[in-house]
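Chemist: Here it is, the structure, as C-alpha cells.
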Amino acid sequence: MDNLNNYLIVSAVLFSIGTIGVLTRKNAIVMFMCIELMLNAVNLTFVAFSRHLGNLDGQIFVFFIMTVAAAEAAVGLAMFIAFFNNRESIDIDDANLMKW
Amino acid sequence: MDINVAQLFQTINLNVIMPEVILSVLGMALLLVNVFVPSKSKGYLAWLSLIGIIGAGFVAVTGWGTTVSSFNDSVVQDSFSIFFKMIFLLAAGLAVLISDQYMSREDCNHGELYPIILFTTVGMMLMAAATDLMTIFLGLELMSISLYVLAGFNRDSIKSNEAGMKYFLLGAFSTGFLLYGMALIYGVTGTTRIAKIAGLVTQVGGAGNTMLLIGMFLTLTGFLFKIAAAPFHMWTPDVYEGAPTPMTAFMSAGPKAAGFAAMLRLLLVVFPAMKAEWSDLLWILAVLTMTVGNFTALRQDNIKRMLAYSSIAHAGYCLVGFASGTATGMSGILFYMLSYTFMNIGAFAVIVLIGKKGEPNGTVMDYAGLGHKRPLLALAMTVFMFSLAGMPPTAGFIGKFYLFSGAVQAGYIWLAIIGVLNSAASVYYYLRVIVFMYFKPGEEEFDWFNVSAPVALALVVSAAGSLIPGIIPSLLLQFAQQAVKLI
C-alpha cells in the first residue's frame, strides 16, 4: 500500500462521474448504472481505507454493499419493466403525470 | 486462523432482536402461505400479520428500561429503540388494517403486500436499534427497498409505477451519499462501531478534521432524504400522491420516525463534540423545511399531495426540536413522532374510505357535505386535522409545544417563533378540509361507501391516539423522557 491518496482520488472522481451522470441523464437504466458507479466508488474507498488501516471492517462492509446493490437492482429493474409496460418508455421525462 | 466458536456465540443474544426475528419469520411464512390463499381471502393475511405485529410489540416492551447489546455491539436493546419500535409497529399495524379494503377495490389485492410491510418494519426496527454503521445501513436499505416495492405496488396504475420509479432512483441516489459519508467516517476512525467512533471523536475534538466533517454531513444527507427534509424533499409529493393510499400512510409515518431514530443516535452519541456544526445546519434546514412544506401545501387541492407537503412541514417541526439539542426537544421528537403516526394514518384512513377505484376524487372538494352524510367519519377527520394543525387539546398541540419549548430553552427563540408562525399558516389548509366537510353542500347523489371493520378499528385507534395524549400527556411524555435519557 504505497499511497492511499491515489485510491481516494480515483474513487472520488468515480463518485463524481456517477453523481453527474444521475443528474444529467434521462434514461432510467443509465441513471441506475450511474448510481451503481457511485456505490462502487464507495466500495473502492472502503477497500482502500481498510487496506491502509489494516483492519477488515471496511471490506466486510463492501460485501454488504454489493449484496444490497444486487437486491436493489432486482427491485429497480422490475419497477422499470412495470413502467415500460404501461408507458412504452423508460425515459424519466415520461414520468410526468404528477407535478406540483 | 483459530476462531473460538464458543466465544463467538457468547456475543450473540437473540433476545435483543426477538421482535425483528418474529416479524421476519412471520413475513417469510406468509409469503409461502399466500400461495394457497385464494385472492378473495387475502384479508386473512392482514389479520395474521396484525397478530404478529402485536406479538412483536409485547416481546419488545419487556426490555423497557434495560440496555443490552448483542452481536458484538452492533445492535442494542434500550428504551430509546423500544420507543421507536413501538412507533413502527403501530404504523405497520394501522397500515395493515386499512390495506385490505383499498387493495380489493383497486384490484391489486396481492398477498405479498403484508410480508413486505413486515420486512419494512424489520428494517426500521433495525435502524432504531443499530449501534454500528453497517447495521444502520442494512436496516435503512431493508426499509428502503421494501418501500420502493410498496410505492409501486399497484403495477397496473401508471401513477403508482411513476411513484415507485421516482422513489427508487432518488432513494438509491441518496444511499450513495450516505455510504460515501460512512466510508469517510470509517476512514478517519478505523471502525464502524458507533461507540468506538464516539470515543475517538471526543478524544480528538473532531471539529478540525475536514474529512470527518464531510463524512458526517454526507451521512446526514442520506437520513435527511428519508425524513423528507428540504432541500431533499422533491420526491415526497410525487411518491405520496402516486403510491397506494394505505402505503402512503405507512411511509409518511414509519420511515420518517426511523430516519429520526438513526439520526438522533448518530448525532447524539457520535458527534456531540461537533454540536456547533450540526446544530446550525439543522437550524437552517428546519426553517427551510417548515416553510417550504407549509407554503406549498397551501396551494394544493389534491388531498394526498397536501398531506405530503404537510408531512414535509412536520419533519421541519421535529428538526426544530433536533436543532435545539436539549432533552426537552429530543423527547418532544419522540412524542411528536408517535402522535404524528396516529393522526396522519388516521387522516389517510379517511382518504381510503372516500376514494373510489382509480382515485378520481382525490381533491378537497370531494369532502363537501361529508359532515351531514357521514357525521362520525367527518368527526374523526376533524380530530385528525385539528391534531395535525396543532390545536389544543390534541396530541399535535402538546408535541409542538415540547418541540418549540426545547428550542426556547436552548436559546433559539427565533427558531421557535418561525415554527409557531409556520404552524399558524398551516391551520389554513387543514381547516379548509373541515370547512368543506361541514359548510359546503355536497353532490346530490352521494355514493354510499361501506366502512369495513378493520378500517373502522384503525379509525377508532387513531382518533383515540390523537386525542388522549393531548388530554393526559404526562404518561407518554414520561416514557419519551426515559427513552431519550438512556442513549
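The values are calculated or read from the model by the stated rules, or taken from the named source; none is laboratory data. Remember, it's a predicted structure, so these values are computed and weren't measured experimentally. Here the Cβ is made from the backbone with ideal geometry for all residues, glycine too, and neighbour counts use every protein chain on show. Protein only, heavy atoms only, side chains kept; ligands, DNA and RNA dropped before computing areas. Shrake-Rupley method; radii C 1.70, N 1.55, O 1.52, S 1.80 Å.
Chemist: With the requirement that a residue be more than 11 Å from A:Val10 (Cβ to Cβ) and crowded, with 21+ Cβ neighbours inside 10 Å, what does the stretch A:37-52 give you?
Modeler: Of everything in the stretch A:37-52, those that are more than 11 Å from A:Val10 (Cβ to Cβ) and crowded, with 21+ Cβ neighbours inside 10 Å turn out to be A:Met38, A:Leu39, A:Val42, A:Asn43, A:Phe46, A:Phe49, A:Ser50.
Chemist: What do you reckon, is A:Val13 part of a helix (DSSP H, G or I) and either open to solvent by less than 10 Å² (accessible area, probe 1.4 Å) or at the interface with another protein chain (Cβ under 10 Å from one of its Cβ atoms) (or both)? Full working, then the answer.
Modeler: On the way: part of a helix (DSSP H, G or I): yes; either open to solvent by less than 10 Å² (accessible area, probe 1.4 Å) or at the interface with another protein chain (Cβ under 10 Å from one of its Cβ atoms) (or both): no.
When the stated conditions are applied, A:Val13 does not pass them.
Chemist: So A:Arg87 clears everything in (1) within 26 Å of B:Ser74 (Cα to Cα); (2) at the interface with chain B (Cβ under 9 Å from one of its Cβ atoms) except one condition, right? Which one?
Modeler: Condition (1) is where A:Arg87 drops out.
Chemist: Which of (1) under 30 Å from B:Val68 (Cα atoms); (2) more than 10 Å from chain A (Cβ to nearest Cβ) is the odd one out, the single condition B:Thr210 does not satisfy?
Modeler: So the condition that B:Thr210 fails would be (1).
Chemist: Identify, by number, the condition in (1) open to solvent by 20 Å² or more (accessible area, probe 1.4 Å); (2) within 8 Å of chain B (Cβ to nearest Cβ); (3) of a type in the set (Val, Ile, Thr); (4) in contact (Cβ under 8 Å) with a residue 12 or more places away in the chain that A:Ile29 doesn't meet.
Modeler: (2)
Residues checked against (1) more than 8 Å from chain A (Cβ to nearest Cβ); (2) in contact with a His (Cβ under 9 Å, 6 or more places away or on another chain); (3) open to solvent by 10 Å² or more (accessible area, probe 1.4 Å); (4) of a type outside the set (Val, Ile, Thr):
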residue: B:Ser160; (1), (2), (3), (4): yes, no, no, yes
residue: B:Lys166; (1), (2), (3), (4): no, no, yes, yes
residue: B:Leu170; (1), (2), (3), (4): yes, no, yes, yes
residue: B:Leu184; (1), (2), (3), (4): no, no, yes, yes
residue: B:Ala195; (1), (2), (3), (4): yes, no, yes, yes
residue: B:Asp238; (1), (2), (3), (4): no, no, yes, yes
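Chemist: Then there's this: Taking the options B:Phe348, B:Phe322, B:Phe342, B:Phe335, name whichever one is open to solvent by 20 Å² or more (accessible area, probe 1.4 Å) and among the aromatic types (Phe, Trp, Tyr). Working first, answer last.
Modeler: Values: B:Phe348 fails: open to solvent by 20 Å² or more (accessible area, probe 1.4 Å); B:Phe322 fails: open to solvent by 20 Å² or more (accessible area, probe 1.4 Å); B:Phe335 fails: open to solvent by 20 Å² or more (accessible area, probe 1.4 Å).
So the residue among B:Phe348, B:Phe322, B:Phe342, B:Phe335 that is open to solvent by 20 Å² or more (accessible area, probe 1.4 Å) and among the aromatic types (Phe, Trp, Tyr) is B:Phe342.
Chemist: Residues in the stretch B:66-74: is at least one aromatic (Phe, Trp, Tyr) and either closer than 23 Å to B:Met337 by Cα or surrounded by 15 or more Cβ atoms within 10 Å (Cβ to Cβ) (or both)? Steps first, please.
Modeler: The initial filter retains those residues of the stretch B:66-74 that are aromatic (Phe, Trp, Tyr), namely B:71.
From the residues that got through so far, the ones that are either closer than 23 Å to B:Met337 by Cα or surrounded by 15 or more Cβ atoms within 10 Å (Cβ to Cβ) (or both) too are B:71.
There is at least one residue in the stretch B:66-74 that is aromatic (Phe, Trp, Tyr) and either closer than 23 Å to B:Met337 by Cα or surrounded by 15 or more Cβ atoms within 10 Å (Cβ to Cβ) (or both).
Chemist: Still on this structure: When B:Ser174 is evaluated against the numbered criteria (1) polar (S, T, N, Q); (2) part of a helix (DSSP H, G or I); (3) surrounded by fewer than 24 Cβ atoms within 10 Å (Cβ to Cβ); (4) facing another protein chain (nearest Cβ under 8 Å), which criterion, by number, is the only one it fails?
Modeler: (4)
Chemist: B:Ala230 is checked against (1) modelled with pLDDT under 90; (2) at the interface with chain A (Cβ under 10 Å from one of its Cβ atoms); (3) crowded, with 24+ Cβ neighbours inside 10 Å and fails just one. What number does that condition carry?
Modeler: (2)
Chemist: Show the residue pairs that are 6+ apart or on different chains and have beta-carbon atoms under 6 Å apart, the first residue being within the stretch B:142-153 and facing chain A (nearest Cβ under 8 Å) and closer than 10 Å to B:Gly123 by Cα, the second being open to solvent by 10 Å² or more (accessible area, probe 1.4 Å) and of a type in the set (A, V, I, L, M, F, W, C).
Modeler: Listed by first residue and then by second, the contacts come to B:Ile145/A:Ala71; B:Ile145/A:Val75.
Chemist: Kindly indicate whether A:Leu23 is open to solvent by 30 Å² or more (accessible area, probe 1.4 Å), modelled with pLDDT of 95 or more and either within 19 Å of the chain's Cα centre (by Cα) or closer than 25 Å to B:Gly242 by Cα (or both).
Modeler: Details: open to solvent by 30 Å² or more (accessible area, probe 1.4 Å): yes; modelled with pLDDT of 95 or more: no; either within 19 Å of the chain's Cα centre (by Cα) or closer than 25 Å to B:Gly242 by Cα (or both): yes.
Here the answer is no, as A:Leu23 does not meet what is asked.
Chemist: Within the stretch A:53-69, track down each residue that is open to solvent by 60 Å² or more (accessible area, probe 1.4 Å) and more than 8 Å from chain B (Cβ to nearest Cβ).
Modeler: So the first thing to find is which residues in the stretch A:53-69 are open to solvent by 60 Å² or more (accessible area, probe 1.4 Å), and the list is A:53-54, A:56, A:59-60, A:63-64, A:66-67.
Listed by number, the residues that qualify are A:Gly54, A:Leu56, A:Gln59, A:Phe63, A:Met66, A:Thr67.
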